[in-house]
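Trainee: This is the structure I want to talk about, given as structure tokens.
The values are calculated or read from the model by the stated rules, or taken from the named source; none is laboratory data. Computed from a predicted structure; not experimentally measured. Glycine also receives a Cβ, built like all others from the backbone with ideal geometry; neighbour counts cover every protein chain displayed.
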Amino acid sequence: MNLSYRIYYVFLRNLVSYKRFVVPTFLVSLIEPLFYLITFGIGMGAYIGYFGGKPYLYFLVPGVLVSSVMLSSSFECLYGTFVKMVHEKLYESLVATPVSAEDAIAGDIVWGAFRGLVSGVLMMIVANVMGVFPASIPSVLVLLVLMVFVGILFASLAMTVTSVSPSFDFFNYYTELVLTPMLFFSGVFFPLDKFPGWMKTLSEFMPLTHAVKISRAVFSGAYNSGLAWNFLVIFVLEVIAFYVGIRMMKKRLIK
Amino acid sequence: MNAIVTAKNLTKKYGQFVAVDGISFEIKKGECFGLLGPNGAGKTSTIKMIHCVSPVTAGTLMVNGMAAHIDNRDLKMMMGVIPQEITLDVDLTVYENLIVFAHFFDIPRREAKKRIAELLKFVELEQKRSSKIDQLSTGMKRRLLVARALLNNPKIIVADEPTTGLDPQARHLIWQRLRQLKTQGVTLILTTQYMEEAHQLCDSIVIMHQGKILKEGMPSKLVEDEIGREVVEVRIPPEDDDKIIQHLSSFSFEHERVGDTLYFYCRDGQELMRRLIELNLHNFLNRPASLEDVFLKLTGRSLIE
């Protein structure tokens, strides 16, 4: 792993180019989760009524927030990275400078995580407007750390998928077979306790489940020792995914 | 003059495919060194190893006293690369392309700004500073690639077919700039398929084919050794070859039949021409021998895909 401070330069390159896309990407990052919040939260929430003493919207916000981080950072390192690699040949010119392949890939993963963080923060603001707040100021910090963790994890996983993708079409497998099921099996929209045992076990293997649990505690203020385990799972998966993503992408770049 | 690049038995394999097949050569400090060859000869693979973006499969490759390796940041720091494909950052403007690239070389911002102003002038793109890349012509893009390669004041410039797809004006401008750099003591390593380009720029060349070096030397000397001074092309039916060659037997020349043309390679074409006129042949052409003749003779005149 030939990593250096030059990761920052790669991040900066993305930031300079992002200037032009800020408005459209802000809109895109907001619309999908907003859609969930409005349709499920307000529309369906009206039928569901109260969940643990609070309106359904309070149940929904923490989950939708972390899933928006997941989706944003994933898409950035799927489509964004693929365009830079195949269409714009950006990596080719990067690796001819003192920026190593590892720096370039890690820089893009960090960028993907940043995009996730931006989406998450935007979502939090929307939730605040709708009257849903994290339990306390320290909880906000926990939430920010969680969003960075989730961002790095899913950006790295997406990088791994991109490293073996022959074309855009390939990403459909990942989004339809991995990301979408994750949304429904991780307790974002409803609690998992009515699931049969095997489905509960399955959901334990989904990193989003752990992120949703932490996020929920952040909003309810009901912290418990199980959350340390949730954080640990996310952290370990993240380290592995980061390493594997960089290794596989480097294999694709350096021939 | 001492060598700045030394390759010994340099080999590059992609899986089972051998792209560079144990070649050895030396590039002297301050010269312009050309790699010539048809498509797939191994030129690009060779220079990619020199500028440290492709691992060496076998053999040794020393650049400026260091082993070339993909993680050798010191070498990348002192090299400028003009790639074959236009790898500009299309999301950024001309200026942003350069300032972002200057970061990659750890050039302080103030110095970078000064350098960018100089370079935009050097490649005559001052007016395009704030343009987006897709608003530039191919010639402008290539010139911007030249400017980008010079940001870090490189000691060695690696140019992979730098004038592909350019009109004559743009091509000459790039040649002038590259020659100008050479007078400043920069070592230039160039691949090209244009024989004129090699003649215009290179002090020494190697001709590569199927991963091997076929010939090396000074361009004009190679032409003289391999072909002679002049070429006479005669377009006659192949059946007449023997007859004509017999008529010309008092001259010393080499001949070759390719397609519809019989080529004579000789020192002095004048006498030969006179005799051809006596033979009442009209469809012929006398011209100075060029690097292209050497190239075609060595790599074959048939198409290489």
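Trainee: Quick check on B:Arg177: is it in the same structural domain as B:Lys141 (by TED's automatic domain parsing) and out of contact with any Ser or Thr (no Cβ under 8 Å at 6 or more places or on another chain)?
Mentor: yes
Trainee: For the range B:218-278, list the helices (runs of 4 or more DSSP H) that sit wholly inside it and hold at least 2 residues that are more than 29 Å from the chain's Cα centre (by Cα); which are they?
Mentor: Numbers: elements: B:219-226, B:241-247, B:269-278.
Because the criterion is at least 2 residues that are more than 29 Å from the chain's Cα centre (by Cα), the helices (runs of 4 or more DSSP H) in the range B:218-278 that meet it are B:241-247, B:269-278.
Trainee: Against the definition (touching a residue at least 40 places away in the same chain (Cβ under 8 Å) and assigned to a helix (DSSP H, G or I)), how does A:Phe242 come out, yes or no? Quick ask: steps written out before the conclusion?
Mentor: On the way: touching a residue at least 40 places away in the same chain (Cβ under 8 Å): yes; assigned to a helix (DSSP H, G or I): yes.
The answer is yes for A:Phe242.
Trainee: In the list B:Glu111, B:Glu126, which residue meets the criterion of being more than 26 Å from the chain's Cα centre (by Cα), in the same structural domain as B:Met77 (by TED's automatic domain parsing), surrounded by fewer than 16 Cβ atoms within 10 Å (Cβ to Cβ) and over 30 Å from A:Glu102 (Cβ atoms)? Walk me through how you get there before you give the answer.
Mentor: Values: B:Glu111 fails: over 30 Å from A:Glu102 (Cβ atoms).
Among B:Glu111, B:Glu126, only B:Glu126 is more than 26 Å from the chain's Cα centre (by Cα), in the same structural domain as B:Met77 (by TED's automatic domain parsing), surrounded by fewer than 16 Cβ atoms within 10 Å (Cβ to Cβ) and over 30 Å from A:Glu102 (Cβ atoms).
Trainee: If the requirement is being out of contact with any helix residue (DSSP H, G or I) (no Cβ under 6 Å at 6 or more places or on another chain), more than 15 Å from A:Ile254 (Cβ to Cβ) and surrounded by 17 or more Cβ atoms within 10 Å (Cβ to Cβ), which of these qualifies: B:Ile82, B:Ile47, B:Ile86, B:Ile70?
Mentor: B:Ile47
Trainee: Something else about it: Exactly one condition in (1) more than 9 Å from chain A (Cβ to nearest Cβ); (2) acidic (Asp, Glu); (3) closer than 27 Å to A:Gly80 by Cβ is not met by B:Glu31; state its number.
Mentor: The failed condition is (3).
Trainee: For the condition modelled with pLDDT under 95 and farther than 29 Å from A:Ser4 by Cβ, what is the one hit in B:Leu88, B:Leu166, B:Leu92?
Mentor: After applying the criteria, what remains is B:Leu166.
Trainee: Output the residues belonging to the range B:72-100 that are within 7 Å of another protein chain (Cβ to nearest Cβ) and either of a type in the set (Gly, Ala, Ser) or part of a helix (DSSP H, G or I) (or both).
Mentor: Scanning the range B:72-100 gives B:Arg73, B:Lys76, B:Met77, B:Glu96, B:Val100.
Trainee: Next question, about the same structure. Filter the range A:62-101 down to the residues that are acidic (Asp, Glu) and over 16 Å from B:Phe105 (Cα atoms), then identify the one that is surrounded by the most Cβ atoms within 10 Å (Cβ to Cβ).
Mentor: For the range A:62-101, the residue satisfying everything is A:Glu76.
Trainee: Any idea which of B:Val63, B:Val56 is more than 7 Å from every other protein chain (Cβ to nearest Cβ), of a type outside the set (Asp, Glu) and surrounded by 24 or more Cβ atoms within 10 Å (Cβ to Cβ)?
Mentor: B:Val63
Trainee: Kindly indicate whether A:Phe231 is out of contact with any Leu (no Cβ under 6 Å at 6 or more places or on another chain), assigned to a loop (DSSP other than H, G, I, E, B) and not acidic (Asp, Glu).
Mentor: no
Trainee: Then there is this: Could you please let me know if A:Val161 is touching a Phe, Trp or Tyr at 6+ places or on another chain (Cβ under 8 Å), modelled with pLDDT of 95 or more, under 30 Å from A:Ser93 (Cα atoms) and crowded, with 20+ Cβ neighbours inside 10 Å?
Mentor: yes
Trainee: Looking for something outside any helix (DSSP H, G or I), more than 9 Å from every other protein chain (Cβ to nearest Cβ) and under 25 Å from A:Val95 (Cα atoms) - is there at least one such residue anywhere in the range A:7-29?
Mentor: Scanning the range A:7-29, I find no residue that is outside any helix (DSSP H, G or I), more than 9 Å from every other protein chain (Cβ to nearest Cβ) and under 25 Å from A:Val95 (Cα atoms), so the answer is no.
Trainee: Still on this model: Kindly establish whether A:Ser136 is in contact (Cβ under 8 Å) with a residue 24 or more places away in the chain, surrounded by 14 or more Cβ atoms within 10 Å (Cβ to Cβ) and among the polar types (S, T, N, Q).
Mentor: In short, no.
Trainee: Here's another thing I want to ask about it. It is to be established whether one or more residues within the range B:174-181 are among the basic types (Lys, Arg), under 30 Å from B:Ala41 (Cα atoms) and surrounded by 13 or more Cβ atoms within 10 Å (Cβ to Cβ). Lay out the reasoning, then the answer.
Mentor: Taking the range B:174-181 as the starting set, the residues that turn out to be among the basic types (Lys, Arg) are B:177, B:179.
When the remaining residues are screened for being under 30 Å from B:Ala41 (Cα atoms), the result is B:177, B:179.
If we keep only those that are surrounded by 13 or more Cβ atoms within 10 Å (Cβ to Cβ) as well, we get B:177, B:179.
Looking for residues that are among the basic types (Lys, Arg), under 30 Å from B:Ala41 (Cα atoms) and surrounded by 13 or more Cβ atoms within 10 Å (Cβ to Cβ), one finds at least one in the range B:174-181, hence yes.
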